[in-house]
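Heads up: the structure comes next, in structure tokens.
No lab work stands behind these numbers, since they all come straight from the coordinates. Fair warning: this is a prediction, and the values are worked out from it, not measured in the lab. Here Cβ is always computed from backbone atoms with ideal geometry, including for glycine, and neighbour counts include all displayed protein chains.
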Amino acid sequence: MAVYTEVGDEELAHFIERYRLGDLLSCKGIAEGVENTNYLVHTTKGTFILTIYEKRVDPNDLPFFLGLMEHLSARGVTCPLPVRDVSGRVLNELAGRHAAFVTFLEGMWPKRPKVEHCLELGKALALMHIAGENFSLRRDNALGLRGWRPLFDKFSARTDEISGELGQLVERELSFLEASWPTDLPQGVIHADLFPDNVFFIGKKLSGLIDFYFACNDALAYDIAVCLNAWCFEANFQFNATKGRALLRGYNSVRQLSSKELEAMPTLARGAATRFLLTRSYDWLNTPDDALVARKDPIDYVRRLRFHQSVESVGDYGYEQAR
């Protein structure tokens, strides 16, 4: 459960007053998520998500995250919209932490993504990339290529606690990525964490994207690589090329991928797998046993990485050249 900061009813009611959201009816902690504390708040004027930003989030990044949601929403992307208080502020302080309200999105995330989900995801991701153009703020990807080796150095001496082969695997992969990473791909604002639990559907229709707290500026195609890892592997860690084909087709129907992006996709997918392998490994080794957050097995991403290492071209992900 990802509720780190408890808030009393009276304190919350006073906080709500400054937003003119009506009277507090109920408040419930949200279990999903690992970075921040989230509450589902019902008032007489509607339903909202209250996010309390914990210590792992740099307060200097919050204007980027909240501003991006406003920018995307204004351009037709269905995502949470920050709520402004009576003074026009979106960010305030609650329980000694920075906090903000955002609007509530209806829908459910797909526990077992299907081909049609992947198709809609691809379209929505491309629309988000286009809508993010000309966003005035910039945030570098702290968990991009330059951040991977420093992160690995923090736990490299303890990799045997996860797997005897992990240390050598990561060291070899980082050397490959540092030598091969593409630097001339189209850039823009990316979500960088678009896992199934951050995408809502009503039936088969995508109803919104959430959790923009890893969003940053990076190669647009890297966002696709994250999604190939997060959406297109089955429970047995076999890659489902039909899902990959749907995701890529959906994206390409809205924003045409360049030849350089297509050529780079296997390397980008290896990088995305490595990124989540590193962060999961670090958390696995550094999260206390009594923590409220459930640790995620880093070996899941070893299996994904092994597949990407065998890929020869974007065709292995199901991509079909237009005829």
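For the stretch 80-187, treating each Cα as an identical point scatterer without solvent, what Debye log10 I(q)/I(0) comes out at q = 0.22, 0.24 1/Å? Here the Debye-derived log intensity ratios amount to -1.13, -1.21.
Where the centroid of each part is defined by its Cα atoms, how far is the stretch 60-132 from the stretch 235-312 in Å? When both Cα centres are located, 22 Å separates them. Counting only residues at least eight positions apart within a chain, or on another chain, the lysines with an alpha carbon under 27 Å from that of K45 are K28, K205. Take the Cα of T242, step 7 Å toward its Cβ, do the same at E17, and the gap between the two points is 5.8 nm. Taking amide H as placed 1.01 Å from N in the peptide plane, the amide H of H98 sits under 5 Å from that of Y53, each at least 5 places away or on another chain. With r defined as the distance between the Cβ atoms of I30 and K205 and R0 fixed at 35 Å, what FRET efficiency is calculated, to the nearest 0.05? Computed FRET efficiency for I30 and K205: 0.95.
Hydrophobic long helices, here whole DSSP H runs in the chain with Kyte-Doolittle means of at least 1.0 and Cα atoms spread over 15 Å or more along the helix axis, are found at 62-74, 220-231. The simple Förster model, with R0 at 51 Å and r as the Cβ-Cβ distance, assigns A74 and E161 a FRET efficiency of 0.60. Highest mobility in the GNM of the chain, judged by mean-square fluctuation with C-alpha springs under 10 Å and restricted to N236, N141, N286, is found for N236.
Per-residue Karplus couplings for the stretch 212-219, computed as 6.51 cos²θ - 1.76 cosθ + 1.60 with θ equal to phi - 60°, are listed in order as 9, 8, 10, 4, 6, 9, 6, 5 Hz, Gly and Pro entered as x.
Each Lys and Arg contributes +1 and each Asp and Glu -1, all at the Cβ; summed about the Cα centre of the chain, the dipole is approximately 920 debye.
Listed values (1) 120; (2) 137; (3) 152 include one computed from this model; for volume of the Cα convex hull per residue in Å³ that value carries the label (2). For the options F152, F135, F239, a Gaussian network treatment of the chain with springs between C-alpha atoms closer than 10 Å singles out F135 as fluctuating the most. Under the criterion of Cα pairs below 8 Å and six or more residues apart, the relative contact order for the stretch 115-317 equals 30 percent. The residues packed around S87, meaning those with a beta-carbon under 12 Å from its beta-carbon, carry a net charge of +3 if Lys and Arg are +1 and Asp and Glu are -1. Identify which of A100, A124, A13 has the largest mean-square fluctuation in a Gaussian network model of the chain, with springs joining Cα atoms closer than 10 Å. Taking springs between Cα atoms under 10 Å, the residue moving most is A13. One way to sum up the overall shape of the stretch 9-103 is the equivalent ellipsoid from its Cα gyration tensor, whose semi-axes run 19, 16, 13 Å, largest first.
Given a cut-off of 25 Å, name the pairs among K55/K154; K154/K296; K55/K111 whose C-alpha atoms lie farther apart than that in the structure shown. In this structure, K55/K111 lie more than 25 Å apart at Cα. Legend: calculated FRET efficiency, E178 to V115, from the Cβ-Cβ distance at R0 = 30 Å, rounded to 0.05, equals 0.30. Take the Cα of Q187, step 7 Å toward its Cβ, do the same at R138, and the gap between the two points is 0.6 nm.
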